[in-house]
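Heads up: the structure comes next, in structure tokens.
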Amino acid sequence: MKMNTIIGLIMWFSKLVYLLTVAIFGSIIKLFKIVFNQTSSVGERGKTFIRAYAYLYHLEDFGESVEQANHSANEIFTAASSSHYDHQMMIGAVNYIKENTGGKQLPVIAEARSKGFLG
């Protein structure tokens, strides 16, 4: 009887260690995906929204021309852009819609398009 109990405890403990290892490993993999490929969680409309925000930012805050602002906005999420800049635009865009549009992306995209955004 004691041998069966010990074997049962060992099996239970090994299953517990296995499940914890899988859960921790899965969380680490998700974290690396987010850190190293931030755009994976951003859908196409999300990318368009962030580019529209960047367009308005460059057009209104930097006084760039329509052509320059479109060029700057369309570089986001490409090899020509740094991940730091992309991340800053994502944060700025999210903060902007929280403060101005009740969390809605489409009004920002519509405003940018009305001002010449091509994205």
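The values are calculated or read from the model by the stated rules, or taken from the named source; none is laboratory data. Keep in mind it's a predicted model, so treat the numbers as computed, not measured. Glycine also receives a Cβ, built like all others from the backbone with ideal geometry; neighbour counts cover every protein chain displayed.
Report whether or not Arg51 is surrounded by 10 or more Cβ atoms within 10 Å (Cβ to Cβ), charged (D, E, K, R) and at pLDDT 85 or above.
yes
Among the numbered conditions (1) over 19 Å from the mean Cα position of the chain (by Cα); (2) surrounded by 10 or more Cβ atoms within 10 Å (Cβ to Cβ); (3) under 30 Å from Gly116 (Cα atoms); (4) modelled with pLDDT of 90 or more, tell me where Lys104 comes up short.
Of (1) over 19 Å from the mean Cα position of the chain (by Cα); (2) surrounded by 10 or more Cβ atoms within 10 Å (Cβ to Cβ); (3) under 30 Å from Gly116 (Cα atoms); (4) modelled with pLDDT of 90 or more, only one is false for Lys104: (1).
Only one of (1) surrounded by 11 or more Cβ atoms within 10 Å (Cβ to Cβ); (2) part of a helix (DSSP H, G or I); (3) at pLDDT below 90; (4) hydrophobic (A, V, I, L, M, F, W, C) is not met by Val35, so which one is it?
With respect to (1) surrounded by 11 or more Cβ atoms within 10 Å (Cβ to Cβ); (2) part of a helix (DSSP H, G or I); (3) at pLDDT below 90; (4) hydrophobic (A, V, I, L, M, F, W, C), Val35 is out only on (1).
Kindly list, by first and then second residue, each pair from a residue in region 78-105 that is assigned by TED's automatic domain parsing to the domain that holds Gly46 and over 17 Å from Lys47 (Cβ atoms) to a residue that is surrounded by 11 or more Cβ atoms within 10 Å (Cβ to Cβ) and modelled with pLDDT of 90 or more, limited to pairs with Cβ atoms under 6 Å and residues at least 6 apart or on different chains.
Thr101/Pro107; Gly103/Ile97
Would you check if Val22 is at pLDDT below 90, among the aliphatic types (A, V, I, L, M), more than 14 Å from Ala112 (Cα to Cα) and under 12 Å from the mean Cα position of the chain (by Cα)?
The answer is no for Val22.
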